[in-house]
């Protein structure tokens, strides 16, 4: 609803503070209430056996939405102006997204169902199968926010998520300007950002499914590596426009980097699964939001101070490396195995 409210209010903007209030506060808040951070609060509760695949399929809606909605909005802007496009988006949020959100249930047990892969009787709280549990003492703990924040694992997740969102949003915010600065046309620079979301669709689905087989840490590392390659390509582009490097940047960012969303929820669920998972993940979204806000601002400050993005991109590469290491240290695999690993361990035994 905040995002829809911003769309209705945007045509009335006359002062800079009004832009910050609508675009910054209302859209920022609305996006966090509708996108993968909010969906990760309930989707892991519905799926156990193929959790990564299910969440990744849900998140491909971002890319599909970019394919369907952006040309439609651009057509409205071309024929009737940007104010009309804001009204159209506001009506879409109000009349389509808001009613759909009313249908969402936090847990399948709320409507008498069981998660995919569950085997207990209805109405009985089901712990994860002993086949997947590695640390029985940890898994049997009733994790609350108070207990979680006193663990090292929680703070490693905070660090890993914060730095990953720094990497995500530095390129998302500054990419178009940077590509224009190094010599690409504004049209091509704009299309590059849109194509990232399209390329992300198969990457998210594929890596989400892969995480169910090999583990969340590997897929998180692959996503961080994707952003490392993306920023390396951007640094190389400073010498001048290169179409192969542009394609490499788009592919690594979308296909690999955006795979992070497919394991954000499962990583937390497999460490702090229980009645308070939603509250714990919601607390961790402060790190997500903080990284998304701090990264572009820091990159902008560095650019204004040095006249170049190179230092900002190098620091962001370091953020990716530390983020990957933080998730390995948090080690969801040492609490619960993903189904693919658990099956192989069971056969070996």
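The values are calculated or read from the model by the stated rules, or taken from the named source; none is laboratory data. Since the model is a prediction, treat every value here as computed from it, not as a measurement. Note that we place each Cβ from the backbone using ideal geometry, even for glycine, and neighbour counts take in every protein chain shown.
Listing for the model above:
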| item | result |
| --- | --- |
| Total residues in region 299-310, condition surrounded by fewer than 16 Cβ atoms within 10 Å (Cβ to Cβ) and either within 24 Å of the chain's Cα centre (by Cα) or in contact (Cβ under 8 Å) with a residue 24 or more places away in the chain (or both) | 2 |
| Output for region 142-151, where each listed residue is touching a helix residue (DSSP H, G or I) at 6+ places or on another chain (Cβ under 8 Å) and surrounded by fewer than 16 Cβ atoms within 10 Å (Cβ to Cβ) | 144, 145, 149 |
| Of all residues making up region 199-217, the number that are more than 27 Å from residue 156 (Cβ to Cβ) and either surrounded by fewer than 18 Cβ atoms within 10 Å (Cβ to Cβ) or in contact with a strand residue (DSSP E or B) (Cβ under 9 Å, 6 or more places away or on another chain) (or both) | 1 |
| Residue in region 228-235 that is in the same structural domain as residue 266 (by TED's automatic domain parsing), without any contact (Cβ under 8 Å) to a residue 60 or more places away in the chain and surrounded by fewer than 22 Cβ atoms within 10 Å (Cβ to Cβ) present | yes |
| Filter result for residue 69 (closer than 27 Å to residue 202 by Cα, outside any loop (DSSP other than H, G, I, E, B) and at pLDDT 75 or above) | yes |
| Selection from region 103-134 of residues that are in a loop (DSSP other than H, G, I, E, B), at pLDDT 75 or above and touching a strand residue (DSSP E or B) at 6+ places or on another chain (Cβ under 7 Å) | 115, 132, 134 |
| Subset of region 179-209 (residues that are in a helix (DSSP H, G or I) and more than 22 Å from the chain's Cα centre (by Cα)) | 179, 180, 181, 186, 187, 188, 189 |
| Failed criterion for residue 242 (all others in (1) touching a helix residue (DSSP H, G or I) at 6+ places or on another chain (Cβ under 8 Å); (2) under 26 Å from residue 200 (Cα atoms); (3) surrounded by fewer than 24 Cβ atoms within 10 Å (Cβ to Cβ); (4) in contact (Cβ under 8 Å) with a residue 12 or more places away in the chain hold) | (4) |
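Yes/no matrix, rows are residues, columns are (1) in the same structural domain as residue 238 (by TED's automatic domain parsing); (2) assigned to a helix (DSSP H, G or I); (3) within 29 Å of residue 137 (Cβ to Cβ); (4) in contact with a helix residue (DSSP H, G or I) (Cβ under 6 Å, 6 or more places away or on another chain):
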{"position": "275", "(1), (2), (3), (4)": "yes, no, yes, no"}
{"position": "280", "(1), (2), (3), (4)": "yes, yes, yes, yes"}
{"position": "296", "(1), (2), (3), (4)": "yes, yes, no, yes"}
{"position": "301", "(1), (2), (3), (4)": "yes, yes, no, no"}
{"position": "305", "(1), (2), (3), (4)": "yes, yes, no, no"}
{"position": "313", "(1), (2), (3), (4)": "yes, yes, no, yes"}
{"position": "321", "(1), (2), (3), (4)": "yes, yes, no, no"}
{"position": "324", "(1), (2), (3), (4)": "yes, yes, yes, yes"}
{"position": "328", "(1), (2), (3), (4)": "yes, yes, yes, yes"}
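Let's see how each residue does on (1) in contact with a helix residue (DSSP H, G or I) (Cβ under 6 Å, 6 or more places away or on another chain); (2) modelled with pLDDT under 95:
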| residue | (1), (2) |
| --- | --- |
| 176 | yes, yes |
| 179 | yes, yes |
| 184 | no, yes |
| 199 | yes, yes |
| 205 | yes, yes |
| 220 | yes, no |
| 224 | yes, no |
| 228 | yes, no |
| 233 | yes, no |
